[in-house]
Every structure is written in structure tokens, then in C-alpha cells.
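Scroll down for the structure; my scribbles are underneath it.
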Amino acid sequence: MTKTRASLGGVSLTLIQTFYQVGSHGSFSGAARELNISYQSAANHVRRLEQILKAKLIESEQGAKRISLTPRGVALYNLLHPEFETMLERLSKLLENQRSALRIGMPQAVFFYLFPEVLKILRQRHPDLEIAAAERDTVLAEMVKNGSLDVCISERHFGDPVVPQKLLGSYRLSLVYPRDWGPPPAPEDVPAWSAGRPFVTYEPGQTLRNMALDFLGRDGAAAQPAISASGSSSVKRCVEVGLGFAIIPSWCVRDDDRSIVSVKLTNLPAVGVYFGNAEFLQNHPAVRELFDVCRQELVGRELDEPRANPISA
């Protein structure tokens, strides 16, 4: 790992980095090897940090190879982990003057149907900024936590302080089915209407699959998926060729979709769309600007709920 020198609030980042490595390896010698410094330097860094914080962080017996963290040391280590490694990697790249990049993850349908308008604005404002998009759904929080992503846009609220989220807005779901199946049912009649019909939906674990199954399973009915796919565009395509019906975001349905009928399910709860990022990037200018553009373009133009001021989820 690149050794990074900086100062945060009067505390040297080098001291924090050494303490973190000592806690991770359970020894001064392990931290010294990781940071390419001497054993004595590693010990001195921790002692200096203890002096600054006026608290003992590490317990070590004379001649013992292993150390243990005090309660205060455990609290500090847990505060740093797991964001600290990711922060150092990002900081190292910044200091090495590498080309700036923003890594963003979101469900495939959000990228396909909605995100190009956001990309247009970002490219106009930051022509040298590389945008790396990952089209995912179920692993976005883990990707942010392990440093693979900087930002995620998701219908899931993770409830994880390491990945703080804000609500961008919400949208409604729609029933879609082949046009030759006849007239549309009323929203409240959809569960009964769906009985015995082939159901096209999302892969297990995805938010929209769970919502649709709960809705279709009202009154004791049990919908059985006939086809499962990873994204809304794939689900919709199956419906267009007559393979079954589906419940998808309303913004996936366009005016020129002549082969399908859609019914907006106003009797289903609106689906929230959340903007999340790595905690240490909370005040990063590019991340804040991306949030503002998403709020304007996704909520203001594409999603079918009135725009609301974003709130911390």
C-alpha cells in the first residue's frame, strides 16, 4: 500500500494509518512490514497518537509479539474499518495525478432508460472525467463498501452507515401484457386476473420481484414465475414477444410500445430511488454535483411522482 502523508484536524494521517495497520495485523512488526517502516517507528507512531488523543489505544506486554486493543482502541479501529483502506487508495490515486474517474453502480434498467440524460450533462461539464458504470442490483452496497464503486443508485435502502443514502424520489409500477390478451383489468383486479397466466419477472432477491409476488399473492393466490431475467428491459422484451405478463417500472413503458398494454398500479406502494455513496466521499464536489443532476434529471423529468426535496434516508 502507498504510504500517504497528510494531516487531518491536527492529527497526522500517518499516525492513523500506522494504528490501523497495527490493529489489522495484531502486531507492530506486521504493521511495520506493511508500511515499510521500522518496528520502532510503528511503535512510536502509536504512542504519539495516544499522546494526542490522551487515551491508551493498545495493550502490549514486554517481549510479547502480539498486541491487543483497549476499548478506546477498538472504538477507533471500528470507526476506521472498512472505509479507511478505500479512502487511502482513492487518496493515493489523487496524489499520483491519475486521470479522475467516478464509478457508479445502478440497476440495468435505470442505466438503460434514465441515466444517459445524466451522462450528457456530466460529460458537458466534465469532459475529462471518466464515468465507469456497473449495471447491478443486489450487490451495490457491498461494492461501495469494498471500494469497487464510489456511488450507487438503487431501489434498496441499505440501512448501512458506511453507505449513506438520500432519497431522490419515487415511481409507480405498471402491469404490462401482450396486446392480444384483451382489455385491461382494473388495478385492484390484477391478482385475480393474473391467475393461470405466465408471469415474467426478475431474478430472485431483486426488490421488484418481491413486491410483485407479494401483490399477486394477495387473497391466497400464488403467482409462479415462468421466466426470470436480470433487468427490466429483458423482462419487457419477453412480454413484447408474447411470453407472459410482468410488473415493471412505469417509466419503462413508452408511447410507441404498440405490442403491449400497460396498467399503472396506483394501488401498489411507490418505489423509492436512493442515491448512496462511500461515506468519505460525502462532500466530494463531483459526487454532490452528480446527486444534484440525478435529482433534476431522474426525478424532475422521468419518474412519475411529484418532485420532493431530497431527505436523508
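The values are calculated or read from the model by the stated rules, or taken from the named source; none is laboratory data. Owing to the predicted nature of the structure, the values given are computational and were not obtained by experimental measurement. Neighbour counts run over all protein chains shown; Cβ positions are idealised from the backbone, glycine included.
Test R66 against the criterion of being over 29 Å from N283 (Cβ atoms) and among the charged types (D, E, K, R), and give yes or no. Criteria met by R66.
Check the range 68-85 and report whether any residue there is part of a loop (DSSP other than H, G, I, E, B) and either more than 32 Å from the chain's Cα centre (by Cα) or among the β-branched types (V, I, T) (or both). Full working, then the answer.
Filtering the range 68-85 down to residues part of a loop (DSSP other than H, G, I, E, B) leaves 70, 81-82.
This time we only want the ones that are either more than 32 Å from the chain's Cα centre (by Cα) or among the β-branched types (V, I, T) (or both), so: 70.
Within the range 68-85, one or more residues are part of a loop (DSSP other than H, G, I, E, B) and either more than 32 Å from the chain's Cα centre (by Cα) or among the β-branched types (V, I, T) (or both).
Considering each residue of the range 108-137, count those that are buried (at least 16 other Cβ atoms within 10 Å of the Cβ) and polar (S, T, N, Q), and give that number. Of the residues in that region, 1 qualify. Taking the criterion of being over 21 Å from N283 (Cβ atoms), modelled with pLDDT of 90 or more and under 17 Å from the mean Cα position of the chain (by Cα), would at least one residue in the range 122-130 satisfy it? Within the range 122-130, none of the residues are over 21 Å from N283 (Cβ atoms), modelled with pLDDT of 90 or more and under 17 Å from the mean Cα position of the chain (by Cα). Looking across the range 232-260, the residues that are within 18 Å of P198 (Cα to Cα) and in contact with an Asp or Glu (Cβ under 9 Å, 6 or more places away or on another chain) come down to K236, E240, G242, S259, I260. Taking first residues from the range 156-171 that are in contact (Cβ under 8 Å) with a residue 40 or more places away in the chain and partners that are of a type in the set (V, I, T) and part of a strand (DSSP E or B), the Cβ contacts under 8 Å between residues at least 6 apart in sequence or on separate chains come to L167/V273; L168/I153; L168/V273; G169/V273; S170/V271; S170/V273; Y171/V271; Y171/V273.
Within the range 231-254, can one find any residue that is modelled with pLDDT of 85 or more, of a type in the set (D, E) and surrounded by fewer than 20 Cβ atoms within 10 Å (Cβ to Cβ)? Looking through the range 231-254, at least one residue is modelled with pLDDT of 85 or more, of a type in the set (D, E) and surrounded by fewer than 20 Cβ atoms within 10 Å (Cβ to Cβ).
The numbered conditions (1) in contact (Cβ under 8 Å) with a residue 40 or more places away in the chain; (2) among the polar types (S, T, N, Q); (3) not assigned by TED's automatic domain parsing to the domain that holds P225 are all true for T201 except (3).
Any idea which of A186, A223, A192 is surrounded by 19 or more Cβ atoms within 10 Å (Cβ to Cβ) and either of a type in the set (S, T, Y) or not assigned by TED's automatic domain parsing to the domain that holds E89 (or both)?
Result of the check over A186, A223, A192: A223.
The residue pairs whose first member lies in the range 266-282 and is of a type in the set (D, E, K, R), whose second member is in a helix (DSSP H, G or I), and whose beta carbons are closer than 8 Å, counting only pairs six or more residues apart or on different chains, are E279/E83. Can you confirm whether R218 is more than 28 Å from the chain's Cα centre (by Cα), at pLDDT 95 or above, more than 24 Å from M106 (Cα to Cα) and surrounded by fewer than 21 Cβ atoms within 10 Å (Cβ to Cβ)? When the stated conditions are applied, R218 does not pass them.
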